Amino acid sequence: MVRDWTEFLRADVVVALPNTISPTYYDADNQPPHDLFDLVIIDEAHHSPARTWRAVLDHFHDARALLLTATPRRRDGQQLPGEELYHYPVRQALQQGFYKPVQPYIIDLPAASTREFVDRVIAAETVKIAALPEHASSSILIRAHTRKRAEVLADLYRELGLAVPTLYSGMPRQAHDDLLARVRSGECRAVAVVNMLGEGFDLPRLRIAAYHDKHKSLAATAQFLGRFARPHPEHPQPSTTIVARDIDV
């Protein structure tokens, strides 16, 4: 937290987090000066309707504001402040090589298939694809809706010979950080996740998605698939999403 705002008067550029610059985190006698900035640039601006984020825009009301986001539609329907000045379509990003296509591997199954049967088929196909030479360096993300589901899926993949730990919010911080380090290094090839490794997470070797439990909104789905759409010269292999065909696919 900032104790003396005058230190920033000599700076041309200040990089801050919402919880270090938002006036909601400061007492009345230690508020940042209203005229501290001429321009406020907010990344991940789809969070700007949140109280602490919006307070930044309201507090520095005389500064121009530029909001940047790759997720312009919020799941709660709240609108972002301001007017849209520029839109960069995904199609153009693909054409210019900033994104790479994510190839869907859609499995047709009998209508009366049980969840256990669907999980086993998705897991078997995932392990099969991961064994291809082109995916020798690929990491696998197994998407689960709940912690219990993640544990069930992890056990299933272990039966198929693939060691799969689980990653979920609320796990001990040290265990969380250790597991992420193993995933990033490639020591841990696959991980079952519960609403993790989404926004802001970048892992170039992440190339296979076992989409057991699909998201319930387009925005969340786009963010999830975006983890696999980032090209990297050291991992040129195709990105693949394995999913069962149903009413949503």
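The values are calculated or read from the model by the stated rules, or taken from the named source; none is laboratory data. Source: prediction; values computed, not measured. Note that each Cβ is placed from the backbone with ideal geometry, even for glycine, and that neighbours are counted across all protein chains shown.
Checking S138, S113 one by one, the residue that is farther than 30 Å from T6 by Cβ, assigned by TED's automatic domain parsing to the domain that holds P204 and in contact with a strand residue (DSSP E or B) (Cβ under 6 Å, 6 or more places away or on another chain) is S138 and no other.
Tell me, please, whether a residue that is assigned to a loop (DSSP other than H, G, I, E, B), touching a Pro at 6+ places or on another chain (Cβ under 9 Å) and among the charged types (D, E, K, R) can be found in the stretch 101-118. No, there is no match, as no residue in the stretch 101-118 is assigned to a loop (DSSP other than H, G, I, E, B), touching a Pro at 6+ places or on another chain (Cβ under 9 Å) and among the charged types (D, E, K, R).
Of R91, R75, all but one fail to be at pLDDT 90 or above and either under 30 Å from H212 (Cα atoms) or within 20 Å of the chain's Cα centre (by Cα) (or both); the exception is R91. At pLDDT 90 or above and in a loop (DSSP other than H, G, I, E, B): is that true of V193 in this structure? Spelling it out, it is not the case that V193 is at pLDDT 90 or above and in a loop (DSSP other than H, G, I, E, B). Close contacts from the stretch 97-111, counting a first residue that is among the polar types (S, T, N, Q) and a second that is surrounded by 13 or more Cβ atoms within 10 Å (Cβ to Cβ), with Cβ to Cβ under 8 Å and a gap of 6+ residues or different chains, come to Q103/P238; Q103/S239; Q103/T240; Q103/T241. Here L94 clears all of (1) closer than 28 Å to S239 by Cα; (2) of a type in the set (A, V, I, L, M, F, W, C); (3) in contact with a strand residue (DSSP E or B) (Cβ under 9 Å, 6 or more places away or on another chain) except the condition numbered (3).
Checking H47, H59 one by one, the residue that is farther than 28 Å from Q223 by Cβ and either surrounded by 15 or more Cβ atoms within 10 Å (Cβ to Cβ) or touching a His at 6+ places or on another chain (Cβ under 6 Å) (or both) is H59 and no other.
Which residues, taken from the stretch 179-190, are modelled with pLDDT of 90 or more and part of a loop (DSSP other than H, G, I, E, B)? Passing the criteria: E187, C188, R189.
Here G161 clears all of (1) surrounded by fewer than 15 Cβ atoms within 10 Å (Cβ to Cβ); (2) under 21 Å from A181 (Cβ atoms) except the condition numbered (2). Candidates in the stretch 202-235 are the residues that are in a loop (DSSP other than H, G, I, E, B) and in contact with a helix residue (DSSP H, G or I) (Cβ under 9 Å, 6 or more places away or on another chain); of these, the one that is modelled with the lowest pLDDT is L203.
For the stretch 7-26, taking the residues that are touching a helix residue (DSSP H, G or I) at 6+ places or on another chain (Cβ under 8 Å) and of a type outside the set (V, I, T), the one that is surrounded by the most Cβ atoms within 10 Å (Cβ to Cβ) is identified as S22.
Selection of the stretch 105-162 for residues being among the small types (G, A, S) and more than 26 Å from the chain's Cα centre (by Cα) yields A111, A112, S113, G161. Listed by position, the helices (runs of 4 or more DSSP H) contained in the stretch 14-96 that have at least 3 residues being more than 20 Å from V2 (Cβ to Cβ) are 90-95.
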